[in-house]
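See structure below.
What follows draws every value from the coordinates through simple rules; no lab data is involved. Quick caveat, the model's predicted, so the values are computed rather than measured. Virtual Cβ from ideal backbone geometry, glycine too; neighbours counted across all protein chains shown.
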Amino acid sequence: MSSLFPALTAALADPDGTDAHRPALRFGDRSLTYAELAATAAPLAARVTDAGRVAVWATPTLETAVAVVAALLAGVPAVPLNPKSGESELGHIVSDSEPTLILAAGSDQLPYTLDTLERVGIDVRPTGTRRPYLTTLAERPAEDPALIVYTSGTTGPPKGAVIPRRAVADTLDALADAWQWTGDDVLVHALPLFHVHGLILGILGPLRRGGSVRHLGRFETAGVAQELSEGATMLFGVPTMYHRIAEALPDDPALAKALARARLLVSGSAALPVHDHERIAAATGRRVIERYGMTETLMNTSVRADGEARAGTVGVPLPGVELRLTEEDGVTAVAALDGETVGEIQVRGPNLFTEYLNRPDATAAAFTDDGWFRTGDMAVRDPDGYVRIVGRKATDLIKSGGYKIGAGEIENALLEHSGVREAAVTGEPDADLGERIVAWIVPADPQFPPPAGELADHVARSLAPHKRPRVVHYLDALPRNDMGKIMKRSLTHD
Ligand code: MCA
Ligand code: AMP
């Protein structure tokens, strides 16, 4: 058992130590050193230490980072909630994960769905170093759950992936090896804090290294340029963010200059289009590094800082991660490293989650008998071992803006609208979002089809705004095969 955050543990023990005054977190004009973070998180940890699980109202703020650190210090699993979640999604997550408390900033207005939970305010007052209430905190067993992160499947509501402390520590250390990531690095990003990318990599990553992170609150190329020109060394983003950077570069020499001086530009959560990779390389002389991960597996592969950053590849397996491609049967390994033979990616290693909460059926289905996790991602491997992702097994999973979204959950939400008789949802290519969500609707009354905006608002209110359809098509009937199954592949514009 070792500390998840050695620099924080040191600051807890000695708030006057020299390293304790190093910056840890910055959100806008508010920041905390390690000593201040220890002084802020330790009393909160003491407050929640008897809770079974805590929900965190995960706004992109200092409060969220402090709350998650406090839960981890206390050894209490945290369930980050998207503050834009709609009623039905929030209701499901709360009833499934059964938190006993919700941690939220004093100024946050919480929806009534959370009324039954005891609320604990997150008090961040970065005024000097207060002596921590707790100076020692027992380290928890590595297999204890650290976080429960909800992730969409093809059908039904999202599942809670139980992520142990071991996986968090392991994946962050593997990335440190691949990226030569140290306590001297300053990360900048604008990712949401209720998913693995923004929270585990983007907040817990710098804290584990003893370095710092500057969060932009919301993504804007101007903020990225400013932070990179004022000392930030690394940028994390989803491909949509890099696409927006690529679009802005021709007219923004300051952005090009700032990116050129970064130590590392990292993209993940979805495939970075080669065109955007090349445009950024041409304008800045820097190649974006891609890494490949999943909520259930944390990080599996990456292009290494000392490796070749080829466009269109997610690099090589991280230290400790076993990776294989399998044939259609899901158990026979594809031996060929020929850059052509496609197989499903399966992984094994200390980076994996433990289970889907309350879903032993889904957990069992996700693993082979000998413990390989079936990612559902299809790939080829080049002769030198580089992995190139070429698609996904399930057509009913959509990646939009880096968010994974199940077609089934949107279809169910649409069917709850009184103006909808039948609904099918597909993803189609989108230069900005990677894929955009498209709804195919058979209206209850063909004379008065529900307007597209109304359907989008309905889904945004019930699930989350990023799950709303961007395009709605109206049909007299959905195309079905002899078995009555919807033939989604024939749902195209033409
Ligand atoms: C628009 N909005 C609405 C509606 N329409 N709100 C309510 N109802 C409506 N009908 C609001 C949105 O909430 C948003 O508000 C704003 O309008 C614009 O929304 P949108 O167009 O969807 O997106 P965007 O703001 O342009 O965002 C693009 C983005 C975002 C910044 C790239 O998609 C994003 O943050 N993606 C990151 C996803 C991510 O982190 N994935 C990691 C999971 P407002 O502006 O106020 O928000 S994958 C993972 O973790 C694995 C492990 C991995 O490999 O990384
Ligand atoms: P999530 O379940 O939201 O954690 O999303 C995980 C999925 O995102 C993976 O199964 C992949 O399909 C996709 N993904 C993550 N990183 C990459 C990447 N660098 N390139 C392509 N797809 C990616």
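What residues have an amide H closer than 5 Å to that of S269, excluding those fewer than 5 places away on the same chain, when H is modeled at 1.01 Å from N in the peptide plane?
G293
If packing is taken as the average count of other Cβ atoms within 10 Å, what order do 399-410, 313-324, 423-434, 440-451 fall into, highest mean first?
Ranked by mean Cβ neighbours within 10 Å, highest first: 399-410, 313-324, 423-434, 440-451.
Compute the separation of the alpha-carbon centres of segment 233-300 and segment 75-129 and state it in Å as a whole number.
The distance from the Cα centre of segment 233-300 to that of segment 75-129 comes to 32 Å.
Given points 7 Å out from each Cα along the Cα-Cβ axis, report the A281 to F367 separation in nanometres with one decimal.
Placing both labels 7 Å along Cα→Cβ, they lie 3.9 nm apart.
Tell me the net charge near A460. Cut-off is 10 Å between Cβ atoms, A460 excluded, with +1 for each Lys or Arg and -1 for each Asp or Glu.
+3
Note the full-extension length gain between D14 and V331 as 0.36 nm times their separation in residues minus their Cα-Cα distance, in nm to one decimal.
Extending this stretch completely gives an extra 108.9 nm.
Between segment 379-424 and segment 187-203, what is the C-alpha centre distance in whole Å?
22 Å
Suppose we look only past 18 Å in the calculated P(r) of segment 228-271. What percent of the Cα-Cα pairs does that tail hold?
Tail of P(r) above 18 Å: 25 percent of Cα pairs.
If you project the alpha carbons of segment 348-494 onto the principal axes, what extent comes out on each, in Å, largest first?
57, 37, 35
Just want the ordering: L110, L175, from fewest to most Cβ atoms lying within 10 Å of their own Cβ.
L110, L175
Could you tell me whether segment 330-431 comes out rounded, prolate or oblate from its Cα gyration tensor? Rule is a ≥ b ≥ c as square roots of the eigenvalues, rounded for a/c under 1.5, then prolate if a/b exceeds b/c, otherwise oblate.
Because a/c hits 1.5 or more and a/b fails to exceed b/c, segment 330-431 counts as oblate.
Would you mind classifying segment 201-294 by shape? Square roots of the alpha carbon gyration tensor eigenvalues, ordered a ≥ b ≥ c; an a/c under 1.5 is rounded, otherwise it is prolate if a/b is larger than b/c and oblate if not.
It is oblate, given that a/c is not under 1.5 and a/b is not larger than b/c.
Which angle from 0 to 90°, rounded to the nearest 10, does the C-alpha axis of helix 452-462 make with the longest principal axis of the chain?
Approximately 40 degrees, to the nearest 10.
What list do you get for D329, D396, D338 if you sort them by fewest beta carbons within 10 Å?
The fewest-first ordering by Cβ neighbours comes to D329, D338, D396.
If you count the DSSP beta bridges with both ends in the chain, what percent of them are antiparallel, to the nearest 5?
Approximately 60 percent, going by the DSSP bridge assignments.
With r defined as the distance between the Cβ atoms of R261 and E87 and R0 fixed at 45 Å, what FRET efficiency is calculated, to the nearest 0.05?
The formula returns an efficiency of 0.50 here.
List the extent of the Cα atoms of the chain along each of their three principal axes, largest first, rounded to whole Å.
Largest first, the chain extends 72, 55, 53 Å along its Cα principal axes.
Using a Cα-Cα cut-off of under 23 Å, which lysines could be cross-linked to K467, ignoring same-chain neighbours fewer than 8 residues away?
Once the sequence-local lysines are set aside, what remains near K467 is K84, K159, K393, K399, K404, K488.
Residue by residue through segment 171-176, what is 3J(HN,Hα) from phi via Karplus (6.51 cos²θ - 1.76 cosθ + 1.60, θ = phi - 60°)? Round to whole Hz and write x for glycine and proline.
With the stated coefficients, segment 171-176 comes to 5, 5, 6, 5, 5, 4 Hz.
Any aspartates and glutamates with Cα under 15 Å of the K485 Cα? List them, leaving off those in the same chain fewer than 8 positions away.
D396, E411, E422
Measure nothing fancy, just the Cα-based angle from helix 87-97's long axis to the longest principal axis of the chain, in degrees from 0 to 90, nearest 10.
Between the helix axis and the principal axis of the chain, the angle is about 60 degrees.
How high is the relative contact order of the chain, given as a whole-number percent (alpha carbon pairs under 8 Å, six or more residues apart)?
12 percent
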